1. Mean residue ellipticity at 222 nm from the helices of the chain, using -39,500 (n - 2.57) per DSSP H segment of n ≥ 4 over the full residue count, to the nearest 500 deg cm²/dmol?
2. Loop-only trypsin sites (Lys or Arg not before Pro) in segment 58-127, please: DSSP not H, G, I, E or B, and at most 13 other Cβ atoms within 10 Å.
3. Alpha carbon centre of segment 92-131 versus segment 241-258: separation in Å?
4. Given a cut-off of under 8 Å on Cα pairs at least six residues apart, what relative contact order in percent is computed for the chain?
5. Roughly what % of DSSP beta bridges within the chain run antiparallel, to the nearest 5?
6. Which pairs, out of 213/240; 174/200; 200/243, put more than 28 Å between their alpha-carbon atoms?
7. For residue 26, what charge total do you get from the other residues with a beta carbon under 10 Å from its beta carbon, if Lys and Arg give +1 and Asp and Glu give -1?
8. Going by a ≥ b ≥ c, the root eigenvalues of the Cα gyration tensor, does segment 55-139 fall in the rounded group (a/c under 1.5), the prolate group (a/b larger than b/c) or the oblate group?
Amino acid sequence: MRLASIHFYPVKSTAGHEIHEAEVQPWGLADDRRYLITDERGEVLTAREQPLLLACVARVDGGTLTLTGPHAAPLRVTPDDTMSTVLVGRTPVELTDCGDDAARWLSELAGRPVRLKWLDDPTRRPVNPDHGRPEDRVSLADGYPLLLTSTASLAQLNDWIVEGAQERGEEAPKPLPMHRFRPNVVIDGVGTPFAEDEWKRVRIGAVDFRVSKGCDRCVLTTVDTATYTKGKEPIRTLSKHRKWDGKVWFGINLIPDGPGRIATGDSITLL
């Protein structure tokens with residue numbers, strides 16, 4: 001098995017980037033999901049509710065965030081010293097505001113008043129204690145530092161989707177791309193689809209990870225990133241083949257046992 005690709009997302013629920021190597025930090029990949037967007041109530045706003053956020057491309061260069069989108073000129077973001085408490089998952093987290101210019105830029109894209117927030121101190125947010133250790137930390141990802149998926153599992157899922165379409169007398173759809181699932185690391189060479197469900201610990205290159213839990217999937221996976229519209233897949237098919245505990249599942253969540261670097265092509269070892 002090998003590491004096929006690496007992905008990170010500077011602003012939660014905006015476009016991601018594929019990179020060839022990455023620094024693994026205790027709370028996730030370097031620069032992954034250190035920013036998020038809040039709505040007019042001060043609550044986290046994601047592409048689940050506002051798919052057009054996926055049209056925002058956020059880039060980090062030397063610690064400076066630049067936003068690019070289809071609606072306005074690129075904007076360099078400058079956080080100010082205003083802080084507020086935002087409920088991220090089930091945890092109140094102190095976040096730094098990124099100023100009125102960023103708020104106006106993103107509000108125009110979203111079509112509603114929003115603000116951009118920054119997690120200046122990534123040690124501030126603990127992992128769910130039910131699936132981690134007291135010292136484990138996570139940035140602004142949904143719950144855990146990294147998400148792993150496998151190409152074998154996606155191939156099986158796409159086969160199931162085609163089978164379902166044929167049973168309904170519909171034309172076979174195009175295969176779903178992996179980026180619908182917003183992974184951090186994608187593994188190739190897994191012999192059996194969904195074998196990762198049973199993994200407990202895994203080494204990528206020289207970095208060890210614990211598997212905290214499987215990843216239950218939400219409506220965000222149904223958003224077509226070319227049209228920003230929602231469909232029925234993959235939730236419809238996952239509900240048929242991969243549903244238990246009232247949820248549907250694809251991928252596994254990882255917690256690093258220590259820092260290090262990973263690169264495309266690294267070997268994968270089960271521990």
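1. Helix contribution divided over all residues of the chain: -4000 deg cm²/dmol.
2. 90
3. 25 Å
4. Taking the mean separation of contacting Cα pairs over the length of the chain, I get 24 percent.
5. Bridges in the chain that DSSP calls antiparallel: roughly 95 percent.
6. Checking Cα-Cα distances, 174/200 exceed 28 Å.
7. Taking every Cβ under 10 Å from that of residue 26, the sum is -2.
8. prolate
Throughout, read-outs are computed from the coordinates displayed, never taken from laboratory work. None of the values given here were measured: they were computed from a predicted structure. Cβ atoms come from the backbone with ideal geometry, glycine included; neighbour counts cover every protein chain shown.
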